[in-house]
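Participant: Handing you a structure now.
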Amino acid sequence: MATENGGGQNGTTETAITMMEIENGDTTTQVQEQPKCLFTKMDNGSIESHRYYLSRRTVLEMLKDRGYSIPSDEIQLSLDDFRQIHGQSPDVDRLRFTATHATNPSKRVSLSLFD
């Protein structure tokens, strides 16, 4: 295993490169494993809460783009704040959201996420 150092926040960033040897009969081939995603190194929360956060935020952005009245603070909510409100395993019933169209209040939309 080799370690590569580069410039990061503290001057060092480590990228682990793992080499595996695979024997095919009488020949040996070295295969390099891909490094893990940066998300797994930076985020200690649940993947479930992260997916709900991204899904909800994306739909709210789409609704705002289409003229619905969506409070900016709902869209700008950080992942940490989302987890403080909804926890690591959010209850989908608490993630529901209803919005009305800005120019035509008779147009309403309801957001429901499912497991």
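Please treat every number below as a calculation from the coordinates, not as lab data. What you are looking at is a predicted structure, and each value in this text was computed from that prediction instead of being measured. All Cβ positions, even for glycine, are placed from backbone atoms using ideal geometry, and neighbour counts span all protein chains on display.
Participant: Report, by residue number, each residue of segment 52-93 that is hydroxyl-bearing (Ser, Thr, Tyr), assigned to a helix (DSSP H, G or I) and under 19 Å from Arg108 (Cα atoms).
Facilitator: Selection gives Thr58, Ser72.
Participant: Name every residue in segment 50-70 that is farther than 15 Å from Ser112 by Cα and either exposed (fewer than 12 other Cβ atoms within 10 Å of the Cβ) or among the small types (Gly, Ala, Ser) (or both), in order of residue number.
Facilitator: Asp65, Gly67, Ser69
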